[in-house]
């Protein structure tokens with residue numbers, strides 16, 4: 001991808017995020033913009049709230065169809081909580097290779113055919129808001145250049161979340 005194309009894609013994405021008013025819109029806009037920047041099958045936005053986790057998911061092929069999952073399996077909650085406490089990205093190169101092949105949360109990701117994943121914490125203003133994940137049905141989809149792009153997209157998402165209207169944050 002040329003630098004001009006990359007800049008145009010990021011500019012368009014930034015403009016779209018600037019008009020976002022809900023987490024659903026944020027994810028839809030992010031997925032729509034990221035399709036030209038990254039190889040991925042699905043993207044999820046997980047927000048930690050006082051009553052637990054809310055997770056929205058959209059696929060690269062249907063970015064406007066955002067699904068909210070309010071029933072998170074306990075093993076996924078434990079994994080998200082541990083991940084968030086570290087504050088560092090988590091990269092899974094191949095879900096079928098150790099140490100992931102025997103992990104309890106493998107079943108959660110494998111249901112969708114996920115082979116590789118990259119989860120990055122959403123941090124804004126010193127507060128960890130949740131996580132953004134990109135998954136792929138292909139192994140080894142997140143080399144350094146893609147990890148850097150996901151990190152940039154995560155920063156953009158965190159800043160957008162921080163700027164959402166108060167009534168959305170309180171939900």
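Please treat every number below as a calculation from the coordinates, not as lab data. All values derive from a computational prediction rather than experimental measurement. As a convention, Cβ positions derive from the backbone with ideal geometry for all residues, glycine included, and neighbour counts pool all protein chains shown.
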| note | Label model pair residue 7, residue 128: point-to-point distance (7 angstrom along the Cα→beta-carbon line) in nm is 3.6 nm
| request: Rank 35, 147, 62 by mean-square fluctuation in a GNM of the chain with C-alpha springs under 10 angstrom and give only the top-ranked residue. | output: 62
| message | Between residue 49 and residue 147, how high is the FRET efficiency from 1/(1 + (r/R0)^6) when r is the Cβ-Cβ distance and R₀ = 25 Å? Nearest 0.05. | response | 0.40
| If you wrap the chain's Cα atoms in a convex hull and average its projection over all directions, what's the area in nm²? | 9.5 nm²
| task | Subtract the Cα-Cα distance of residue 67 and residue 22 from 0.36 nm times their separation in residues, and report this length gain in nm to one decimal. | result | 14.9 nm
| Based on the mean of other beta carbon atoms within 10 Å per residue, what is the order of 149-155, 42-48, 8-14, most packed first? | 42-48, 149-155, 8-14
| Expected-Rg normalisation [2.2 N^0.38 Å, Cα atoms] applied to the stretch 1-81 | 1.23
